[in-house]
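Visitor: This is the structure I want to talk about, given as structure tokens.
The values are calculated or read from the model by the stated rules, or taken from the named source; none is laboratory data. Nothing here was measured: the structure is a model prediction, and the numbers come from that model. Cβ placement follows ideal geometry from the backbone for every residue including glycine, while neighbour counts extend to all protein chains displayed.
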Amino acid sequence: MRRNVRTRSHQGKVLLVGVCLHLGTLWAAQTPGSGLAEVANVAPAKIAGTVVSSITDMPLAQARVSITETKNRANTRWMITTENGRFEFDRIPGGKYSLVGAKRGYMRGAYEQHEQFSTAIVTGAEFDTTKLVLRLTPMASIAGKVMDEAGEPVREGHVSLYRENKETGFGQIAPIDRGTTNDLGTFEFAPVAPGKYYVSVSAKPWYAMHPVTISEDGNENTAQAIDRSLDVAYPTTYSGGATEAGAALPIEVKGGDHAEAEIQLFPVPSLHFLIRVPDDDGRHIIFPPTLEKAVFNGGEYYLPNDFRRVGKDVYEISGVAAGTYTLRTQLPGSQPPSMFTSVIDLRNDGQELNLGAGEPRASLKLTVETSGHEPLPREFRIMLFDGHNRNWAFQEVDANGVALIENLPTGKYRMVIYSPSKAYSVLRTLSEAGKTSGDEVNMPASGTLELTAVLAARTAKIEGFIRRSGKAASGVMVVLIPKEATTQEQRFRWDQSDSDGSFTLSAVLPGEYTVAAIEDAWEFDWSKPAQFARYAEHGHKVTIPEGVGNTIQLPEAVEVQPR
């Protein structure tokens, strides 16, 4: 059963939590069996076991344990473990329950948890639910210090924490937290779960000065003299001292670890970048641009040291280290407001970008409709990502379901639909050239590409059971593999089998799939397409037709395959 498990706590609330636990214990003792509705004609069961440390296997006293009915989250009960770590819930109606534990100094965890997946407990006469072992992992932390080239602390440095996430099988490194160094140059992230982490630091030299390079008439400014050794910047620096994300050293964290990371920053020459705006008559002021540097599987905003107007139609960004950036700004005078995006390989001082010239660009006129022509949401947006996961557009769709996205370079993009009210996926796209499956958009070098994106308004659920040698298999990864696995990554679905071997794959798009159960596959790397065929060959085939929004039960159990 998939579930979201919080892994962060809030400092300053320890006393309040302790009081609440004490009062909750008194309440639970006074009202035995409260919180879970009794079900008529179903023999009551017992859910019992021991809470232990995942590192030492020692029992954990004074841990808070809760059970919650998965079909009715309001039906819940909790208790505090005894001195030997025992917990016991009796008079439990037949059903399926999540089992979660928490204790000060440990990560909140669910039964047989892997990333955001866990195993639910199924009660009934045929299941023994009295010898469960709930493992909690000691909290860990990552702390460090940021120093400048002289070994002095760097104050107000922006520190980002990234974690390698294999929840979906496709290993991705994504940001999970941010912080700022204090007056001593130190930082700390706590608590953190076991895993592989990376840290990046962005900061400005306290002594840096960035002179204007051109005068008001647009010519080179030689009047302002400055020591060029002060015209410097710190490049974004990662754990291990690398200045590129691909060379960063990982920080391996296990339960209970207190990992440390010291990062030293070294200045490099500051580059001055010019932006020329056509037909700027003094009335149109360009919006301050943002520079986004690609980091791992996403991007982060790099705030330039200085941005100013230095001429009638010229703007300057200074205090930037060499690198590849995605520049975004609003075109001056455009109505409606139009965003300009460009990838800048900044290597030399004085490079220019002319917003009125440069590489050929095209426009995308996108009409959105839903399969079955169901009503569109009131508010939603279209986002386009390139092959490096850079976001090139974030455009609202009007009441008629139309969005116009301009200034797109030629290339391939991935379309993402965002709506605050409901999750949507692109089922297919239609154009004069024909129909394509999936969410890819191939932009021409110029002109306007007109597409219709058909969204899946209804998705299905797939339910079934996992067996190992004829018996229920719990805690096993269940994966839904699309027929075109190498080009339909967005259609993959995952779950973890519950104690009776049952599983549910939710939000399944129409298409042809294979359901496979794989032993001990939580660290498996699905990024290699050749790996899919091996498991799909022995899985269970299933087809989801369009317009089906109900639950599909697999007629046969899926046998566990070895990794």
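Visitor: Quick check on my filter: what residues within the range 384-419 are assigned to a loop (DSSP other than H, G, I, E, B) and either over 23 Å from Ala460 (Cβ atoms) or assigned by TED's automatic domain parsing to the domain that holds Asn297 (or both)?
Guide: Across the range 384-419, the qualifying residues are Asp386, Gly387, His388, Asn389, Arg390, Val397, Asp398, Ala399, Asn400, Gly401, Thr410.
Visitor: For the range 238-258, enumerate the residues that are touching a strand residue (DSSP E or B) at 6+ places or on another chain (Cβ under 6 Å) and either among the polar types (S, T, N, Q) or assigned to a loop (DSSP other than H, G, I, E, B) (or both).
Guide: Result: Ser239, Thr243, Ala248, Pro250, Gly255, Gly256, Asp257.
Visitor: Determine which member of the set Phe503, Phe492 is of a type outside the set (D, E, K, R), modelled with pLDDT of 95 or more and closer than 22 Å to Thr459 by Cα.
Guide: Phe503
Visitor: Another question, then. Name every residue in the range 514-543 that is among the β-branched types (Val, Ile, Thr) and either touching a residue at least 60 places away in the same chain (Cβ under 8 Å) or not assigned by TED's automatic domain parsing to the domain that holds Gly501 (or both), in order of residue number.
Guide: Listed by number, the list holds a single entry, Val542.
Visitor: Just name the residue that is surrounded by the most Cβ atoms within 10 Å (Cβ to Cβ) out of those in the range 547-563 that are part of a loop (DSSP other than H, G, I, E, B) and modelled with pLDDT of 90 or more.
Guide: Ala557
Visitor: Any idea which of (1) without any contact (Cβ under 8 Å) to a residue 60 or more places away in the chain; (2) closer than 30 Å to Asn182 by Cα is the one Ile142 doesn't satisfy?
Guide: Every listed condition holds for Ile142 apart from (1).
Visitor: Kindly indicate the residue of the range 534-546 that is in a loop (DSSP other than H, G, I, E, B) and under 29 Å from the mean Cα position of the chain (by Cα) and also surrounded by the fewest Cβ atoms within 10 Å (Cβ to Cβ) among those meeting that condition.
Guide: Step by step, filter the range 534-546, then rank; the result is Glu546.
Visitor: While we're on this one: Identify all residues within the range 410-466 that are among the aliphatic types (A, V, I, L, M), more than 14 Å from Phe380 (Cα to Cα) and surrounded by fewer than 16 Cβ atoms within 10 Å (Cβ to Cβ); write none if there are none.
Guide: Matches in the range 410-466: Leu430, Ala433, Ala445.
Visitor: Give the range 511-533 a look and list any residue that's part of a loop (DSSP other than H, G, I, E, B) and crowded, with 19+ Cβ neighbours inside 10 Å, or say none.
Guide: Those that are part of a loop (DSSP other than H, G, I, E, B) and crowded, with 19+ Cβ neighbours inside 10 Å: Ala521, Trp526.
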